[in-house]
Amino acid sequence: MHDLMLLSIIWVSVFFAAILAQVTRLTPVLWFLFFGTFLVNVGLLPKELPEFIKDLSELGIIIIMFALGFEENMHKFIKSIKRSWGIAFFGALIPFCIAYLLSWMYWHDPNISLLCGLAMTATAVSLTMVSLKSEGLNTTPAATGIMTSAVLDDIASLALVAILVPIAAGESNFSVTGIGFILGKAILFFMIVVIIGKWLFPTSTGWVKKVPLIGQINLRGLLSMAQGEYVILSLLLIAVSVGLLAHEFGFHPAIGAYMAGLVIRSEYFDFHQEHKKDYYKNAREIIDNVAFTWIGPVFFVTMGTHLVFDMDLLINVIPEAVLLFACLFTGQILSAGLSAKYTGNFSWPDSWMIGFGMLGRAELAFVVMNIAFIQYQIFTLEVFYTLMITAFLLNISVPITIKFWKLKFHDTSTKSNVEP
């Protein structure tokens, strides 16, 4: 089947997902996941998607995260980092321990248990942020807390992948140098983003101005080219470029795209005033349309295609998967929610919203599962299916719990959050 035919099928499913979301009053993300699973299991989408669809899917999540960062306030984000360390630490430690212990109870293999714990630790922040946006909650303190803790979580997860995968595969031992190298790369990446946001985008000043080519960059001048006709192209180029930079440093490109959106401010769009046009508002509307209507949804539909049913095996692993899901569901909400309250001083409504928002498992979890199952053959097919079903149930839980909590959240979120 032609790649464009597959894209057409995905886009048709996006239409149906939007209709069902209106009828059921659930976020479209839930239906995107459902249609991805449905389409691959009835044979309308292949089990192995072509590179074109995979690349478009990755572009979709890059634009989604850029759009979310574009709406966020940089100062609020930085302020939230010091409140989010406990969410990142305890919100990852408890799920790791739960997955490790249950995996040991199921399969009695320390290597399987290590990698199961790692796979069930990585948070799917993109799923959460889109679910929050669909409920109008993406700029709340809870959303900022989720995003900042996810950034910290991403750094820790990368370090753990580098450490635990070789150990489980029997290729290497614990390396302090390796951990230091990963942390050094993370610090360097965020320093580069700070330089871009502080000196390069506003206008090249100081020592940056002396750097060849880079010193001549001025974001306002770039955005105002040809009467502002290249605003969207400029923004998408920035999102993809910083996403690729993040990828080179070992992060998911979506993290880089989010950081790129964070450092772009509304005053950069103050040009061509004679046109009496709000270029900033117009850019946000177009970017949101691309992110949440026609390219971004491809990411969530393709995420749903990861769950391919083998009915006999499915029936066999359901008890293990359901128990693992129930324990992770409870442990994740309590660990992240209580950490948000007692280490971050968030309000109770925000704290429980953060707990719900940390439930999802996606990009890094699937990477770990594929490495353990395909590359090293550490996971059996039974282990792989158990984790896939568990991850799918956790992902479905994100939009449902956020929708459920929204009413209570709105009732009490107007009360002032206690600042540290």
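Scan the stretch 59-69 and tell me whether some residue there is open to solvent by 10 Å² or more (accessible area, probe 1.4 Å) and within 29 Å of Leu262 (Cα to Cα). Spell out the reasoning first.
The first filter runs over the stretch 59-69 and keeps only residues open to solvent by 10 Å² or more (accessible area, probe 1.4 Å), leaving 59, 62.
Still in the running and within 29 Å of Leu262 (Cα to Cα): 59, 62.
Yes, there is a match, as at least one residue in the stretch 59-69 is open to solvent by 10 Å² or more (accessible area, probe 1.4 Å) and within 29 Å of Leu262 (Cα to Cα).
Considering Gly337, Gly357, which residue is surrounded by 23 or more Cβ atoms within 10 Å (Cβ to Cβ), within 21 Å of the chain's Cα centre (by Cα), within 30 Å of Leu235 (Cα to Cα) and small (Gly, Ala, Ser)? Even if it seems obvious, please write down each step before you answer.
Working: Gly337 fails: within 30 Å of Leu235 (Cα to Cα).
Among Gly337, Gly357, only Gly357 is surrounded by 23 or more Cβ atoms within 10 Å (Cβ to Cβ), within 21 Å of the chain's Cα centre (by Cα), within 30 Å of Leu235 (Cα to Cα) and small (Gly, Ala, Ser).
Give just the number: which of (1) crowded, with 16+ Cβ neighbours inside 10 Å; (2) touching a residue at least 40 places away in the same chain (Cβ under 8 Å); (3) not hydrophobic (A, V, I, L, M, F, W, C) does Tyr100 not satisfy?
It fails just one condition, (2).
If I ask for residues that are open to solvent by 90 Å² or more (accessible area, probe 1.4 Å) and in a helix (DSSP H, G or I), which ones from the stretch 1-10 would you list?
We begin by selecting, within the stretch 1-10, every residue open to solvent by 90 Å² or more (accessible area, probe 1.4 Å); these are 1-2, 4-5.
Answer for the stretch 1-10, where residues must be open to solvent by 90 Å² or more (accessible area, probe 1.4 Å) and in a helix (DSSP H, G or I): Leu4, Met5.
Which ones in the stretch 19-38 are under 21 Å from the mean Cα position of the chain (by Cα), part of a helix (DSSP H, G or I) and closer than 14 Å to Glu135 by Cα? Walk me through how you get there before you give the answer.
Step one: filter the stretch 19-38 for residues under 21 Å from the mean Cα position of the chain (by Cα), giving 26-37.
Among the residues that remain, those that are also part of a helix (DSSP H, G or I) are: 28-37.
Pro28, Val29, Leu30 - these are the residues of the stretch 19-38 that are under 21 Å from the mean Cα position of the chain (by Cα), part of a helix (DSSP H, G or I) and closer than 14 Å to Glu135 by Cα.
Part of a helix (DSSP H, G or I), out of contact with any strand residue (DSSP E or B) (no Cβ under 8 Å at 6 or more places or on another chain) and free of Cβ contacts under 8 Å to residues at least 12 places away in the same chain: does that describe Ile286? Give the derivation first.
On the way: part of a helix (DSSP H, G or I): yes; out of contact with any strand residue (DSSP E or B) (no Cβ under 8 Å at 6 or more places or on another chain): yes; free of Cβ contacts under 8 Å to residues at least 12 places away in the same chain: no.
When the stated conditions are applied, Ile286 does not pass them.
Could you tell me whether Leu307 is in a loop (DSSP other than H, G, I, E, B) and open to solvent by less than 20 Å² (accessible area, probe 1.4 Å)? Walk me through it before giving the result.
Numbers: in a loop (DSSP other than H, G, I, E, B): yes; open to solvent by less than 20 Å² (accessible area, probe 1.4 Å): yes.
Against the criterion (in a loop (DSSP other than H, G, I, E, B) and open to solvent by less than 20 Å² (accessible area, probe 1.4 Å)), Leu307 qualifies.
Looking only at residues in the stretch 70-94 that are of a type outside the set (D, E, K, R) and part of a loop (DSSP other than H, G, I, E, B), which one is most open to solvent (accessible area, probe 1.4 Å)?
Of the residues in the stretch 70-94, the ones of a type outside the set (D, E, K, R) are 70, 73-75, 77-78, 80-81, 84-94.
Those still in the list that are part of a loop (DSSP other than H, G, I, E, B) too: 73, 84.
Values: Asn73: 77, Ser84: 0 Å².
My answer is Asn73.
Does Phe251 meet the test of being among the aromatic types (Phe, Trp, Tyr) and in contact with an Asp or Glu (Cβ under 7 Å, 6 or more places away or on another chain)?
Numbers: among the aromatic types (Phe, Trp, Tyr): yes; in contact with an Asp or Glu (Cβ under 7 Å, 6 or more places away or on another chain): yes.
So Phe251 passes the test.
Mind listing whichever residues of the stretch 280-298 are acidic (Asp, Glu) and open to solvent by less than 60 Å² (accessible area, probe 1.4 Å)? Even if it seems obvious, please write down each step before you answer.
Applying the first criterion (acidic (Asp, Glu)) to the stretch 280-298 yields 285, 288.
Selection gives Asp288 alone.
Among the numbered criteria (1) open to solvent by 40 Å² or more (accessible area, probe 1.4 Å); (2) at pLDDT 90 or above; (3) farther than 30 Å from Pro110 by Cβ, which single criterion is violated by Lys276?
Result: Lys276 fails condition (2) only.
Exactly one of (1) within 23 Å of Ile78 (Cα to Cα); (2) modelled with pLDDT under 80; (3) of a type in the set (D, E, K, R) is unmet by Arg265. Its number?
Among (1) within 23 Å of Ile78 (Cα to Cα); (2) modelled with pLDDT under 80; (3) of a type in the set (D, E, K, R), the lone unmet condition for Arg265 is (2).
For the stretch 216-235, does any single residue satisfy the condition of being open to solvent by 80 Å² or more (accessible area, probe 1.4 Å), of a type in the set (Phe, Trp, Tyr), under 29 Å from the mean Cα position of the chain (by Cα) and modelled with pLDDT of 80 or more?
Yes, that holds for at least one residue.
With (1) farther than 14 Å from Met65 by Cα; (2) assigned to a helix (DSSP H, G or I) as the list, and Gly250 as the residue in question, which single condition is left unmet?
Of everything listed in (1) farther than 14 Å from Met65 by Cα; (2) assigned to a helix (DSSP H, G or I), Gly250 misses just condition (2).
Residues being open to solvent by 10 Å² or more (accessible area, probe 1.4 Å), in contact with a Leu (Cβ under 8 Å, 6 or more places away or on another chain) and not hydroxyl-bearing (Ser, Thr, Tyr): count how many of those fall in the stretch 389-411.
Total meeting the criteria: 6.
The values are calculated or read from the model by the stated rules, or taken from the named source; none is laboratory data. No experiment lies behind these values; they were computed from the predicted model shown. Every residue, glycine among them, receives a Cβ derived from its backbone with ideal geometry; neighbour counts consider all protein chains shown. Just so you know, the surface numbers come from the protein's heavy atoms only, side chains and all, with ligands and any DNA or RNA stripped out. Shrake-Rupley method; radii C 1.70, N 1.55, O 1.52, S 1.80 Å.
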